[in-house]
Amino acid sequence: MKILQTIVAVFALTAMGIARAQPIPEMLESTVGFRSFDLPAEQTGSFEVSFDATPTAEKMDGFTGISAMVPREAGDVAAIVRFNDQGTIDVRNGGSFRADQDLRYTANLAYRVRMVIDVKSRTYSVFVTPPGQPEISLAKNYSFRSQQAAVRTLSKLVVAGYKGRDGYFAGPHRVSGVSLKAVSAP
(Lines give C-alpha, C1' and ligand atoms only; values in the text may rest on other atoms or scores of the structure.)
Protein backbone atom coordinates (compact mmCIF):
# COMPACT_ATOMS: atom_id res chain seq x y z
CA MET A 1 0.00 0.00 0.00
CA LYS A 2 2.82 2.42 0.91
CA ILE A 3 4.50 1.83 -2.48
CA LEU A 4 1.24 2.50 -4.30
CA GLN A 5 0.77 5.78 -2.36
CA THR A 6 4.31 6.86 -3.30
CA ILE A 7 3.73 6.05 -6.98
CA VAL A 8 0.42 7.93 -6.97
CA ALA A 9 2.08 10.94 -5.27
CA VAL A 10 4.90 11.04 -7.84
CA PHE A 11 2.44 10.89 -10.73
CA ALA A 12 0.28 13.58 -9.11
CA LEU A 13 3.27 15.92 -8.63
CA THR A 14 4.36 15.31 -12.23
CA ALA A 15 0.84 15.97 -13.55
CA MET A 16 0.72 19.26 -11.61
CA GLY A 17 4.00 20.34 -13.20
CA ILE A 18 5.98 20.12 -9.97
CA ALA A 19 9.51 18.99 -10.70
CA ARG A 20 11.78 17.07 -8.40
CA ALA A 21 15.52 16.64 -8.45
CA GLN A 22 17.30 13.34 -8.95
CA PRO A 23 20.91 12.21 -8.44
CA ILE A 24 23.19 13.20 -11.35
CA PRO A 25 23.35 10.36 -13.90
CA GLU A 26 26.45 9.64 -16.01
CA MET A 27 24.79 11.34 -18.98
CA LEU A 28 21.82 13.65 -19.06
CA GLU A 29 19.98 15.42 -21.84
CA SER A 30 18.01 18.64 -21.92
CA THR A 31 14.39 18.75 -23.02
CA VAL A 32 11.93 21.58 -23.46
CA GLY A 33 11.64 22.79 -19.88
CA PHE A 34 13.86 22.03 -16.89
CA ARG A 35 15.49 18.92 -15.51
CA SER A 36 17.35 19.20 -12.21
CA PHE A 37 19.71 16.90 -10.38
CA ASP A 38 21.05 16.98 -6.82
CA LEU A 39 24.66 18.00 -6.30
CA PRO A 40 26.40 15.65 -3.84
CA ALA A 41 26.02 18.31 -1.11
CA GLU A 42 24.72 21.86 -0.67
CA GLN A 43 27.39 24.34 -1.69
CA THR A 44 27.89 27.47 0.44
CA GLY A 45 31.45 28.52 -0.42
CA SER A 46 33.61 28.33 -3.53
CA PHE A 47 33.44 25.28 -5.76
CA GLU A 48 34.05 24.12 -9.29
CA VAL A 49 31.68 22.06 -11.39
CA SER A 50 33.03 20.63 -14.65
CA PHE A 51 31.29 18.68 -17.40
CA ASP A 52 31.28 17.86 -21.09
CA ALA A 53 28.45 19.57 -22.96
CA THR A 54 27.49 18.52 -26.47
CA PRO A 55 24.93 20.44 -28.54
CA THR A 56 23.02 18.10 -30.86
CA ALA A 57 21.95 20.81 -33.31
CA GLU A 58 23.23 24.07 -34.77
CA LYS A 59 21.64 27.22 -33.37
CA MET A 60 19.78 25.42 -30.61
CA ASP A 61 18.79 27.05 -27.32
CA GLY A 62 19.73 25.11 -24.21
CA PHE A 63 21.63 25.68 -21.01
CA THR A 64 23.33 24.01 -18.08
CA GLY A 65 23.19 25.82 -14.78
CA ILE A 66 23.38 25.67 -11.01
CA SER A 67 20.47 26.58 -8.72
CA ALA A 68 19.45 26.64 -5.08
CA MET A 69 16.21 24.74 -5.70
CA VAL A 70 14.34 22.77 -8.32
CA PRO A 71 13.60 25.52 -10.88
CA ARG A 72 10.15 26.34 -12.15
CA GLU A 73 11.48 29.06 -14.47
CA ALA A 74 14.84 30.30 -15.75
CA GLY A 75 14.89 33.03 -13.10
CA ASP A 76 15.36 30.30 -10.47
CA VAL A 77 18.82 29.37 -11.86
CA ALA A 78 21.76 31.37 -10.45
CA ALA A 79 24.63 30.52 -12.82
CA ILE A 80 24.10 29.54 -16.48
CA VAL A 81 26.21 28.63 -19.51
CA ARG A 82 24.19 28.38 -22.73
CA PHE A 83 24.34 27.15 -26.31
CA ASN A 84 22.33 29.99 -27.84
CA ASP A 85 20.22 30.16 -30.99
CA GLN A 86 22.80 32.42 -32.67
CA GLY A 87 25.36 29.60 -32.70
CA THR A 88 27.59 30.81 -29.85
CA ILE A 89 28.16 29.89 -26.22
CA ASP A 90 27.31 32.61 -23.72
CA VAL A 91 26.88 33.08 -19.96
CA ARG A 92 24.30 34.78 -17.75
CA ASN A 93 25.62 37.95 -16.08
CA GLY A 94 23.00 39.46 -13.78
CA GLY A 95 20.13 40.47 -16.07
CA SER A 96 21.52 39.43 -19.47
CA PHE A 97 23.57 36.94 -21.43
CA ARG A 98 27.03 37.81 -22.73
CA ALA A 99 30.57 36.47 -23.09
CA ASP A 100 34.01 38.05 -22.75
CA GLN A 101 34.84 36.61 -26.17
CA ASP A 102 32.94 35.11 -29.08
CA LEU A 103 32.91 31.30 -29.08
CA ARG A 104 30.98 29.54 -31.86
CA TYR A 105 29.87 25.96 -31.34
CA THR A 106 29.41 23.02 -33.71
CA ALA A 107 26.71 20.37 -33.31
CA ASN A 108 27.76 16.95 -32.00
CA LEU A 109 31.15 18.13 -30.69
CA ALA A 110 31.83 17.98 -26.94
CA TYR A 111 32.95 21.15 -25.13
CA ARG A 112 34.53 20.80 -21.68
CA VAL A 113 32.96 23.40 -19.40
CA ARG A 114 34.37 24.49 -16.06
CA MET A 115 32.27 26.77 -13.84
CA VAL A 116 34.10 28.26 -10.84
CA ILE A 117 31.42 29.52 -8.46
CA ASP A 118 31.72 31.65 -5.32
CA VAL A 119 28.39 31.49 -3.49
CA LYS A 120 29.35 34.08 -0.86
CA SER A 121 30.16 36.79 -3.42
CA ARG A 122 27.43 35.50 -5.78
CA THR A 123 29.82 35.48 -8.73
CA TYR A 124 31.19 32.88 -11.10
CA SER A 125 33.61 32.40 -13.97
CA VAL A 126 33.23 30.04 -16.92
CA PHE A 127 36.00 28.37 -18.90
CA VAL A 128 35.35 26.31 -22.03
CA THR A 129 37.70 23.93 -23.83
CA PRO A 130 36.59 23.47 -27.46
CA PRO A 131 37.58 20.17 -29.13
CA GLY A 132 41.32 20.13 -29.91
CA GLN A 133 41.89 23.67 -28.59
CA PRO A 134 43.16 25.22 -25.35
CA GLU A 135 40.79 26.35 -22.61
CA ILE A 136 39.12 29.75 -23.18
CA SER A 137 38.06 32.13 -20.41
CA LEU A 138 34.49 32.85 -21.51
CA ALA A 139 33.26 34.77 -18.45
CA LYS A 140 35.21 36.28 -15.54
CA ASN A 141 33.48 37.08 -12.23
CA TYR A 142 29.99 37.36 -13.66
CA SER A 143 27.13 38.04 -11.25
CA PHE A 144 24.49 35.44 -10.45
CA ARG A 145 21.21 35.95 -12.27
CA SER A 146 19.49 39.07 -10.88
CA GLN A 147 16.64 37.08 -9.30
CA GLN A 148 19.22 34.99 -7.39
CA ALA A 149 21.22 37.89 -5.90
CA ALA A 150 20.38 36.82 -2.33
CA VAL A 151 20.94 33.06 -2.66
CA ARG A 152 23.05 31.52 0.14
CA THR A 153 23.38 27.91 -1.03
CA LEU A 154 23.40 26.06 -4.35
CA SER A 155 22.37 22.42 -4.56
CA LYS A 156 21.08 21.56 -8.06
CA LEU A 157 22.56 20.99 -11.51
CA VAL A 158 20.00 22.06 -14.11
CA VAL A 159 19.67 21.38 -17.84
CA ALA A 160 17.04 23.11 -19.95
CA GLY A 161 15.99 23.56 -23.53
CA TYR A 162 13.74 26.04 -25.32
CA LYS A 163 11.75 26.16 -28.51
CA GLY A 164 13.14 28.47 -31.16
CA ARG A 165 11.45 31.53 -32.63
CA ASP A 166 9.84 29.20 -35.18
CA GLY A 167 8.12 27.29 -32.36
CA TYR A 168 10.20 24.15 -32.81
CA PHE A 169 12.71 22.55 -30.46
CA ALA A 170 15.96 22.43 -32.47
CA GLY A 171 17.38 19.69 -30.28
CA PRO A 172 18.81 18.97 -26.86
CA HIS A 173 22.29 19.17 -25.50
CA ARG A 174 23.92 16.34 -23.61
CA VAL A 175 25.92 16.71 -20.41
CA SER A 176 28.27 14.02 -19.12
CA GLY A 177 31.37 13.60 -16.98
CA VAL A 178 30.09 15.91 -14.22
CA SER A 179 32.58 16.51 -11.42
CA LEU A 180 32.48 18.78 -8.41
CA LYS A 181 35.26 19.98 -6.13
CA ALA A 182 35.89 22.68 -3.55
CA VAL A 183 38.24 25.48 -4.58
CA SER A 184 39.73 28.59 -2.97
CA ALA A 185 37.75 31.79 -3.42
CA PRO A 186 38.89 33.65 -6.56
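The values are calculated or read from the model by the stated rules, or taken from the named source; none is laboratory data. Nothing here was measured: the structure is a model prediction, and the numbers come from that model. Cβ atoms come from the backbone with ideal geometry, glycine included; neighbour counts cover every protein chain shown.
Miscellaneous remarks
- Answer from Ala9, Ala15, Ala107 - the residue that is over 14 Å from the mean Cα position of the chain (by Cα), farther than 23 Å from Gln148 by Cα, at pLDDT 95 or above and surrounded by fewer than 21 Cβ atoms within 10 Å (Cβ to Cβ): Ala107
- The stretch 27-62, subset over 22 Å from Gln86 (Cβ atoms) and of a type in the set (A, V, I, L, M), residue surrounded by the most Cβ atoms within 10 Å (Cβ to Cβ): Val49
- The set of residues in the stretch 50-95 being part of a loop (DSSP other than H, G, I, E, B), without any contact (Cβ under 8 Å) to a residue 40 or more places away in the chain and within 20 Å of Ser146 (Cβ to Cβ) consists of Glu73, Asn84.
- Cβ-Cβ under 6 Å pairs, at least 6 apart or on other chains, the stretch 149-166 side in a loop (DSSP other than H, G, I, E, B), far side of a type in the set (S, T, N, Q): Thr153/Thr44
- Extreme residue, surrounded by the fewest Cβ atoms within 10 Å (Cβ to Cβ), among residues of the stretch 167-178 that are in a strand (DSSP E or B) and in contact with a Ser or Thr (Cβ under 6 Å, 6 or more places away or on another chain): Arg174
- The selection criterion, being in contact with a Phe, Trp or Tyr (Cβ under 6 Å, 6 or more places away or on another chain) and under 23 Å from Gly33 (Cβ atoms), does not hold for Arg114.
- Whichever residue in the stretch 37-81 is polar (S, T, N, Q) and under 12 Å from the mean Cα position of the chain (by Cα) and, among such residues, is nearest to Tyr111 (Cα to Cα): Ser50
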